[in-house]
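Below is one structure, written out as structure tokens, with a few remarks after it.
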Amino acid sequence: MQSSTPLPAQAGDAVLMEMAPLTHAAQMYIATALILEGEAPGAAEVAGHLAPRVGRVPGLWHRYAERAGRPVWQPQRVRAADHVALLPLGTDAADAGLDGLMREVRRRPPVSPAGAPMWDVLIATGFAPRRWAVVFRCHHTLMDGGAITHTLDQLFGDGPRARRRSFLGGALLPALPRLPSAAASVLRAALPTAPWPAPAAARAEGSATYAVTEPLELEAVKRPGATLSQVFAACFALAADSWWPLPGDREVHALVPMDLRVPGEQRALGNHFAPMRLALPTGDPAHVLAGTGAQMAAWPTPGFRAALDLTIRRITPFPATLALGRRISSGVCCRAVVSSVRSRNPLSFNGSPVLDLVPAIPAFPGHALSSVLWSYQGRARVAFGSHTSMPGVGALPQAWEQALKSIQSLPPEAGAGAVAG
């Protein structure tokens, strides 16, 4: 049974809401297109599929509101049919395939009624023969990548129900020694940086460009002695430098959201990540891989993730957290957002399996570039987005794949040992 009690929102939720002027709120939507084979169903059939499942995910029946100056999540009755719409592609978009599909997805204004929870489902057709897509979109304030994977499991899979941990999650003792380094990591994300000054137009721009790689075997991205996140970030640095060569120290200052959930936990409403900053080196691939790993070395340390969670949610006063979040998101600190998400469970619609998952994350105002690696069923795609006032991102997928080849051609000892796990 759905509760009628409002839930407190996090400072990060409020910051992400402030980044999305209502004139182009869809640009702050995270989108995942689930590609299926056959004839597409109608809107009524999809709404009927969603209706009994919406109650499983708190993020689908809460809306963002403010009470006495504090953000909250207000429960609300939801009618699934109000959040479903058709998206037939025109000739120009259809000729562009998946890139054209996702560009249309990002241009389409929100479907949900005014004042309703900020999510919708589009039924897309016309981008490929005998293919259709069910596209789940939600405002970044409502859910982060971890929450969306749980939502997809509930709507189109057989994933477990949401499980929340206790107040401190049983992680207080291992977290205490890591609190100073956790606090320093959060403060580091707020330091100013010079490279990649986004044009003034990008600070309030709603339109965006988009490109995505072909499916990659996840095993091909992995490398002995390095984590998947390390390889992904190193490839991003090499590709981004070719996209827009950097002045000065030639470092790509990127914000990397670190998921604060413990294994198996599902926080399915709002955002639960720590803003981690990487000053990614450029140039020689071995130097880039080693430098990236050195900066990420503390991340898998026992207690570090719990210490970040305590610092952000429990120790730092809400006004201070809000001010810090506003600064980090202002565009004067990190100039790029780089994230990775994993959908672990198989998905389907009415018995038809999902063949592919194509992601898109927001083009954040004031930030030059955003990228996400989203894996599903042993394969991954890397998507890129930027503002139309910035250089086009069409060449970035090929540049990223070329960077991966250069890193995988390195000898085994190059960059190894920099990151545990």
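Please treat every number below as a calculation from the coordinates, not as lab data. What you see is a predicted model, and the numbers here were worked out from it, not measured in a lab. So basically every Cβ, Gly included, is an ideal-geometry build from the backbone, and we count neighbours across all protein chains shown.
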Net charge over other residues, Cβ less than 15 angstrom from the Cβ of VAL221 (K, R count +1; D, E count -1):
+2
Of the residues ALA116, ALA81, SER339, the Cα lying farthest along the dipole of the chain towards its positive end, which is defined by charges on the beta carbon of Lys, Arg, Asp and Glu, belongs to ALA116
How long are the three semi-axes of the equivalent ellipsoid for the chain, computed from the Cα gyration tensor as the root of 5 times each eigenvalue, in whole Å, largest first?
31, 27, 21
Longest segment of the chain with no trypsin sites (Lys or Arg not before Pro) in a DSSP loop having at most 16 other Cβ atoms within 10 Å?
251-343
Of PRO129, LEU16, HIS62, which is farthest on the positive side of the dipole of the range 7-156, counting Cα position, with +1 on Lys and Arg Cβ, -1 on Asp and Glu Cβ, and the Cα centre as origin?
HIS62
Using only alpha carbon pairs under 8 Å that are at least six residues apart, calculate the relative contact order of the chain and give it in whole percent.
23
Over the alpha carbons of the range 7-156, what is the largest minus smallest coordinate on each principal axis, giving the biggest first in Å?
52, 31, 25
